[in-house]
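The values are calculated or read from the model by the stated rules, or taken from the named source; none is laboratory data. The structure displayed is predicted, hence computed values, not measured ones. With ideal geometry, Cβ positions are generated from the backbone for all residues, glycine too; neighbour counts draw on all protein chains shown.
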Amino acid sequence: MKSYTTAEIRNVALIGAKGSGKTSLAEAMLFSAKMISRLGKVQDGNTALDFEPEEHKRVASVQAKAAWLEWKKHKVNVLDTPGDPIFTVEANNCIRVVDGLAVVVSATDGIEPQAQKLFNTGKGLAACVVINKLGRERADFQRTLAQVKERLTSSAVPVTLPIGQEDKFKGVVDLINMKAKLYNKESADQPKVEEIPADLKDEAQQARAALFEEIAGTNEKLMEKYLESGELSEDEAKAGLQAAVAAGTLVPVFAADGAWNVGTAEVLDFLVFGFPSPDKGRPVTMVNAQGEESELHRKADGDVVMLVFKTIVDQLSGKLTLARVFSGRVTKETAAQNVNRKASERLGNLQRIIGKKIETCDDAAMGDIVAVAKLKETLTGDTLVSGSQQLTVKLPAAPPPQISYRLIPRNKGDDDKIGQAIARLRDEDPTLVVGHDEITKELMLSGFGVAHIDVAIEKMERKYGVKVDRAVPNVPYRETVHKAVQNVEGKHKKQSGGRGQFGVCYINVKPLPRSSGYQFVNSIFGGSVPRQYIPAIDKGVQEAIARGIIAGYPVVDIEVELIDGKYHDVDSSEMAFKIAGSKGIQAAAKSAGMIILEPVMAVEIEVPEESMGDIMGDISSRRGRVLGMETQGGVSVVKAQVPMSEMLSYAPDLGSMTGGRGSFTMSQSHYDPVPAHLMDKIIANSPNKPAAAAEEE
């Protein structure tokens, strides 16, 4: 297979909101470059990149896909990223390993919050915008362009204009060479070059003048020539545009429709001439074991440095590792060290992929993206090096998961199989987090949304034959005392022939500030309780509060003071005083009055501005408290505190309220008392028995 030099490689990530048509555009690129023989349709489930059954079911990408194509003797690596905010980590990982971004925007839906978020994540990278789906009903290029300038970047400038609207969209005007490019829809043929239609000439001339003025404004020499002659040559315009894009001062905009393969060739032309080669992209930062950063000195013939950004696991072909070569040249003989895992790997199975289509290759130059098969220890986020340096390249840190579900096996005895299946799923998707329900100890899977968990469950069944149902987790409530009580007796006396059991303690109990936990104070004087039995009282108290008093939830934020007691020379023992301590805290807690505490989450919600009214009302209905809000570029951010019990179903509810365009993050903030009218319901629905019911030893 043909080898490519670093100068001949381009790496681009297609980013944008769900439904913007990124996969259709990638399909059109591959079709135009004759890498695939037919133009697949996302809605038909036959594209080269969306090949997973879970994607066919949802008619949307659920993971990043890699493909490559050759265009004008250059190798273009295309990473098609998912647009659902639930899978943002996949998109962020792709942004980390490319040199340019193509922001795909639907001409019917305009700029969505997710597109803004991903664009901001990639600040510093060369970028262009593709206004896609121009063949759809209600598509509007100029309206969408205005949104791009307002909400995404004021540096956006059109390089092509659409010819025709909606179902009449048939080609584009190339503003640099002032020619019309007419497409044979859904064909891999190159566009037919003609003169610009008369009804578009004035608009095209105005747009060209604006484009050339923007290009000239980024370069002093070009500006001088433009002011003198009012014109730039095609080569000067291209060179100026290339430099401005690399510097981040201009973001070219293209008109296209991936589903019809219209406008695709102009986008591909730009990716080749307008985006930087990997050796001219942004600097690469490496980190040592102490967290100290340094810039990687990239050398085409130096030591290999590779970052793994995705792992694919197939039941038949095994594990496939996708990596960016940041330095050096990888061959089949390259031996590498996994810095993260201190393991040796041989990179003998080099491959190039288009979705699930795999071809072997002989090498990968510096800057290339390559697949490596059958690595034993290596996973997503690992750095592979061929030299002695022990530095790593980092992927962006993943945020904490936002939603959790208990996994309930449909077949008894499948617990071990479930654990093994999840371990394999986490090889592909390390953002899945495994834990156990705090209350029931059932296996729990956490992720970034309902779809994230559902996709994992569907893959678990399809790939590994394990069937589970999901259920919301139990809320980790806490109990505490309402007021202080003093001199409460805890007594354990039992006589059944022979040696008996005897232990008495007197305790004071008082509430402590939130997050203080449990404190035990020994105020015994005079030996009323022998020293060796005092730890047993403490232990009895701790075991009782761990089981809960009224609802089976742990008791927190209390101080227990041991003030007095009684013992018997023969019948007293550690067990007797342990039970006395347990009975004492139960009696004291009931006298002090128990309240239930609930976890309150700190929530940050991003939604389209027009959804703000619904979001604010919904927060109030969930007993939430809004802390602040701000709106910028059509995106509103709300910060609030909401009880965890009210957030268990928030992910799907937010999707319904915003048409899938909202996203949120949350983390636990603190515990607050549950309103009195909810306590009886929580107690009645508790999955655990209160300590009193379990206490009889």
- [ ] Return the residue satisfying two criteria in turn: it lies in the stretch 490-544 and is of a type in the set (Lys, Arg) and part of a strand (DSSP E or B), and of such residues it is surrounded by the fewest Cβ atoms within 10 Å (Cβ to Cβ).
- [x] LYS494
Open item on the list: When you scan the stretch 655-667, do you find a residue that is touching a strand residue (DSSP E or B) at 6+ places or on another chain (Cβ under 9 Å), assigned to a strand (DSSP E or B), buried (at least 19 other Cβ atoms within 10 Å of the Cβ) and hydrophobic (A, V, I, L, M, F, W, C), even just one?
Closed with: yes
- [ ] Under 6 Å between Cβ atoms, at least 6 apart or on separate chains: pull out the pairs that start in the stretch 35-55 with a residue that is over 16 Å from LYS18 (Cα atoms) and end on any residue that is of a type in the set (S, T, N, Q) and loosely packed, with under 15 Cβ neighbours inside 10 Å.
- [x] GLY40/ASN46
Open item on the list: So GLU224 passes all but one of these: (1) surrounded by fewer than 21 Cβ atoms within 10 Å (Cβ to Cβ); (2) at pLDDT 95 or above; (3) part of a helix (DSSP H, G or I). Which condition number does it fail?
Closed with: (2)
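Identify the residue in the stretch 50-70 that is outside any helix (DSSP H, G or I) and not hydrophobic (A, V, I, L, M, F, W, C) and, among all such residues, is farthest from ILE457 (Cα to Cα). Talk me through it step by step, then tell me what you get.
Pass one, the stretch 50-70, residues outside any helix (DSSP H, G or I): 50-52, 59-70.
With not hydrophobic (A, V, I, L, M, F, W, C) added as a condition, the list becomes 50, 52, 61, 63, 65, 70.
Values: ASP50: 19, GLU52: 14, SER61: 16, GLN63: 15, LYS65: 20, GLU70: 37 Å.
Residue satisfying both the conditions and the ranking: GLU70.
Take the conditions surrounded by 15 or more Cβ atoms within 10 Å (Cβ to Cβ) and within 29 Å of ASN120 (Cα to Cα) and apply them to GLU606. Does it pass?
The answer is yes for GLU606.
Considering the stretch 237-258 alone, what residues qualify as being part of a loop (DSSP other than H, G, I, E, B) and either outside the structural domain of ILE215 (by TED's automatic domain parsing) or crowded, with 24+ Cβ neighbours inside 10 Å (or both)? Talk me through it step by step, then tell me what you get.
Of all residues in the stretch 237-258, those part of a loop (DSSP other than H, G, I, E, B) come to 248-250, 256, 258.
Answer for the stretch 237-258, where residues must be part of a loop (DSSP other than H, G, I, E, B) and either outside the structural domain of ILE215 (by TED's automatic domain parsing) or crowded, with 24+ Cβ neighbours inside 10 Å (or both): LEU250, ALA256, GLY258.
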- [ ] For SER32, work out the one condition from (1) surrounded by fewer than 24 Cβ atoms within 10 Å (Cβ to Cβ); (2) of a type in the set (S, T, N, Q); (3) free of Cβ contacts under 8 Å to residues at least 60 places away in the same chain it doesn't fulfil.
- [x] (3)
- [ ] Within the stretch 397-407, work out how many residues are at pLDDT 90 or above and either among the hydroxyl-bearing types (Ser, Thr, Tyr) or exposed (fewer than 14 other Cβ atoms within 10 Å of the Cβ) (or both).
- [x] 2
- [ ] Hey, could you check the stretch 610-627 for residues that are surrounded by 13 or more Cβ atoms within 10 Å (Cβ to Cβ), of a type outside the set (Ser, Thr, Tyr) and under 24 Å from LEU152 (Cα atoms) and say which is modelled with the highest pLDDT?
- [x] ILE615
Task: Residue in the stretch 493-543 that is nearest to ILE596 (Cα to Cα), counting only those that are touching a helix residue (DSSP H, G or I) at 6+ places or on another chain (Cβ under 9 Å) and of a type in the set (Gly, Ala, Ser) - done: GLY540
Open item on the list: I'd like to check something: does the stretch 71-94 contain any residue that is part of a loop (DSSP other than H, G, I, E, B), among the aromatic types (Phe, Trp, Tyr) and either surrounded by fewer than 24 Cβ atoms within 10 Å (Cβ to Cβ) or not assigned by TED's automatic domain parsing to the domain that holds GLY662 (or both)?
Closed with: no
- [ ] Return the total of residues in the stretch 427-450 being closer than 23 Å to PRO396 by Cβ and either among the charged types (D, E, K, R) or in contact with an Asp or Glu (Cβ under 7 Å, 6 or more places away or on another chain) (or both).
- [x] 3
Task: In the stretch 300-316, the residues that are surrounded by 14 or more Cβ atoms within 10 Å (Cβ to Cβ) and either part of a loop (DSSP other than H, G, I, E, B) or not charged (D, E, K, R) (or both) - done: ALA300, GLY302, ASP303, VAL304, VAL305, MET306, LEU307, VAL308, PHE309, THR311, ILE312, VAL313
Open item on the list: Return the residues of the stretch 188-209 that are surrounded by 14 or more Cβ atoms within 10 Å (Cβ to Cβ), in contact (Cβ under 8 Å) with a residue 24 or more places away in the chain and assigned to a loop (DSSP other than H, G, I, E, B); say none if nothing qualifies.
Closed with: ALA188, PRO191, PRO197
TODO: Can you confirm whether the stretch 440-451 contains a residue that is assigned to a loop (DSSP other than H, G, I, E, B), over 21 Å from the mean Cα position of the chain (by Cα) and of a type outside the set (Lys, Arg)?
DONE: yes
- [ ] State whether one or more residues within the stretch 133-150 are closer than 24 Å to GLY355 by Cα and at pLDDT 95 or above.
- [x] yes
